[in-house]
Amino acid sequence: SLAQTLSVPTYWVRMPATLSGAAGMHRFVWDLHEAPLQSSTYGYPISAVPHDTPREPAGPIVPPGRYTVRLRAGGKTLNASLKVVMDSRVTTPAAGLLRQYEIAGHLAGLMNENFDAQGEARGLDRQLEALSKQASGRVAEAVAALRKKVSVLSDRREESSPAADELTFAHAYGELGEVYGGVGSADTAPTAT
């Protein structure tokens, strides 16, 4: 159940919003984020709002500009223009916000690629495990050596956990996530660092 897999109270969770298919007017609120990042673990910020705490990591926040909302229903497609404007209290120039968005988008792409690579490594590990049961001699040794390398990368070793500085997919994802969080933590242009 959902309650057994969460590390926070269930009343924190924002349930996914879907538009009703029933006739009539319906309201949908866009949180101004692109699609959520792929991740094997999700969390919830401590700044919880009852029944409306978003799951993280969320996708990059879109910069101010014009967007198109597209509704497909009943074999028809309707488009409408939408303008996202910056909070008037924020003084960051548009170029700085665009740069922030570009960097966040690049990092999000790297994190999604890392997630996909983790899945490929797990798949390769399963294939090598099956092959190791059939192989013998030098082939078995080569399969075992390759499986050990794949296990280190995918952080799925049976022995001890990796060293803090050892490069695994999970470690790289975490490092990327730290930078991604920093880039999106304020409405300001990223620093040179």
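The values are calculated or read from the model by the stated rules, or taken from the named source; none is laboratory data. It should be emphasised that the depicted structure is a prediction, and the values quoted were computed from it without experimental measurement. All Cβ positions, even for glycine, are placed from backbone atoms using ideal geometry, and neighbour counts span all protein chains on display. Please note that ligands, DNA and RNA were not included when accessible areas were found on the heavy atoms of the full protein model with its side chains. Shrake-Rupley method; radii C 1.70, N 1.55, O 1.52, S 1.80 Å.
Dipole magnitude of the chain about its Cα centre, charges +1 at Lys/Arg Cβ and -1 at Asp/Glu Cβ only, in debye to the nearest 20?
820
Any chance you could list the semi-axes, whole Å, largest first, of the equivalent ellipsoid that the Cα gyration tensor gives for the chain, using √(5λ)?
Here the semi-axes work out to 40, 23, 18 Å.
Distances longer than 11 Å among the Cα atoms of the range 1-44: what percent of all pairs is that?
78
Per DSSP H run of n ≥ 4, the term is -39500 (n - 2.57); total these for the chain, divide by its residue number, and report the mean residue ellipticity at 222 nm rounded to 500 deg cm²/dmol.
Rounded to the nearest 500, the figure is -14000 deg cm²/dmol.
Taking only protein heavy atoms into account and a 1.4 Å probe, give the accessible area per residue of the range 1-113 in Å².
On a per-residue basis, the range 1-113 sits at 74 Å².
Against the globular-protein guess of 2.2 N^0.38 Å, express the Cα radius of gyration of the range 1-101 as a ratio, rounded to two decimals.
1.33
Charges on Cβ only, +1 for Lys and Arg, -1 for Asp and Glu, centred on the Cα centroid of the range 1-142; of Ser47, Leu78, Ala121, which one is farthest towards the dipole's positive end?
Of Ser47, Leu78, Ala121, it is Leu78.
Using alpha-carbon pairs under 8 Å, 6+ residues apart, how would you state the relative contact order of the range 57-193 in percent?
It comes to 29 percent, rounded to a whole number.
For the range 1-88, which whole-number percentage of the solvent-accessible area (1.4 Å probe, protein heavy atoms only) is attributable to carbon and sulfur atoms?
57
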